[in-house]
Amino acid sequence: MPLGTLDRTPPPLFRQGLSALSKLTLCSALALFLMVSDVRYSVVRPLRSAIAEVLYPVQWLVMQPVNWVRGGSGYFQSLASAQAGTEAMRVTMARQTLKAQEAEPLRLENERLRQLLELRQRITTPAMAAQVLYDAADPFSRKIIIDRGTIHGVVAGSPVIDSYGVLGQVTRVYGSVSEVTLITDGDQAIPVLNTRTGVRGVAFGDFTAAGGGLELRFTPADTDVQVGDVLSTSGVDGVYPPGLSVAQVNQVQRRSESVFARISLTPLGQVGGTIHVMVLQPVASQIAARPVEPAAASKPVARK
């Protein structure tokens with residue numbers, strides 16, 4: 001082949017075209033033109049909106065795994081927060097319940113103390129407040145121990161009452177504590193007066209009664225006694241001041257074979273659950289001693 005017929009142009013692979021700097025300048029100018037025209041005349045806005053509409057489904061589809069992961073983590077975080085909140089509420093409820101349980105005894109105690117203060121203002125007999133420490137260890141008696149003794153001026157025989165009625169009588173006195181025998185004890189007796197009829201009697205402790213009670217003994221069967229009658233202290237024993245509430249009649253049995261009626265009483269004082277009591281001075285100690293009569297003058301003996 002003759003040399004003049006050969007194509008001396010470079011193959012397409014080695015075609016040079018525009019230089020890189022020219023391309024950079026051209027693209028920069030085009031970009032600058034598009035930015036200025038978009039800012040001033042909003043030329044590219046329709047194109048951008050069309051591209052966004054076209055790409056939105058693809059974008060939504062791509063974001064779904066991310067949303068699922070976020071939703072799952074948010075669900076577990078919400079569940080953990082809800083469980084933690086529930087546990088905190090349970091703890092708070094338990095504390096509130098404990099406070100409510102502690103507040104109820106305090107309310108009852110304050111109410112009883114107010115009643116004792118009102119009773120103290122009505123009673124003219126010298127009295128002192130005391131607190132019940134514990135019940136006596138003897139299971140066959142009805143006795144309590146209070147926190148007042150000889151150093152506080154308590155003497156044996158002092159009546160003990162609460163805001164509802166008579167509780168008993170001090171039977172033993174120690175240095176700082178005293179033993180009180182309740183009126184429901186089998187060895188206790190207290191003179192009473194029926195506030196409705198004025199009939200006097202003697203109430204004895206009934207150890208056999210459920211929860212502790214009393215019995216009005218030696219009352220003739222024809223005596224006017226009815227269920228619901230209130231008995232108070234008569235004051236004839238020199239121990240209890242007159243007018244203190246003692247018990248209420250809850251049962252009257254009249255039997256043909258007995259001349260005495262069987263009368264059961266319910267104590268009005270809180271003999272089974274009181275905390276604060278009043279210790280009164282015995283009535284006999286408030287009565288002035290009987291004056292001693294002067295010896296009769298001796299008569300002169302007549303002399304014979």
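The values are calculated or read from the model by the stated rules, or taken from the named source; none is laboratory data. Keep in mind that what you see is a predicted model, and the values were worked out from it rather than measured. Using ideal geometry, Cβ is built from the backbone for each residue, glycine included, and neighbour counts are taken over all protein chains shown.
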* **Residue list for the stretch 264-281, filter: part of a strand (DSSP E or B) and touching a Lys or Arg at 6+ places or on another chain (Cβ under 8 Å)** => HIS276, MET278, VAL279
* Asked: For the stretch 236-287, what are the residues that are without any contact (Cβ under 8 Å) to a residue 12 or more places away in the chain and either more than 22 Å from SER178 (Cα to Cα) or among the aromatic types (Phe, Trp, Tyr) (or both)?
  -> GLY243, GLN253, SER256, GLU257
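Condition check ((1) closer than 30 Å to VAL225 by Cβ; (2) not in a loop (DSSP other than H, G, I, E, B)) across all residues:
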| residue | (1), (2) |
| --- | --- |
| LEU133 | no, yes |
| LEU167 | yes, yes |
| THR171 | yes, yes |
| ASP187 | yes, no |
* VAL227 vs. criteria of a type in the set (A, V, I, L, M, F, W, C), part of a loop (DSSP other than H, G, I, E, B) and in contact (Cβ under 8 Å) with a residue 24 or more places away in the chain -> yes
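For every residue, the table says whether it meets (1) among the charged types (D, E, K, R); (2) exposed (fewer than 11 other Cβ atoms within 10 Å of the Cβ); (3) in contact (Cβ under 8 Å) with a residue 60 or more places away in the chain.
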| residue | (1), (2), (3) |
| --- | --- |
| CYS27 | no, yes, no |
| LEU32 | no, yes, no |
| MET35 | no, no, no |
| ASP38 | yes, no, no |
| PRO46 | no, yes, no |
| ILE51 | no, no, no |
| PRO57 | no, yes, no |
| GLN64 | no, yes, no |
* Condition met for GLY186 (without any contact (Cβ under 8 Å) to a residue 12 or more places away in the chain and not aromatic (Phe, Trp, Tyr)) -> no
* Specify the residue that is nearest to the chain's Cα centre (by Cα); the eligible residues are those in the stretch 238-253 that are surrounded by 15 or more Cβ atoms within 10 Å (Cβ to Cβ) and part of a loop (DSSP other than H, G, I, E, B). => LEU244
* Asked: So which of ALA210, ALA203 ends up being modelled with pLDDT under 90 and out of contact with any His (no Cβ under 7 Å at 6 or more places or on another chain)?
  -> ALA210
* Is at least one residue of the stretch 199-216 over 15 Å from THR266 (Cβ atoms), in a strand (DSSP E or B) and within 37 Å of the chain's Cα centre (by Cα)? -> no
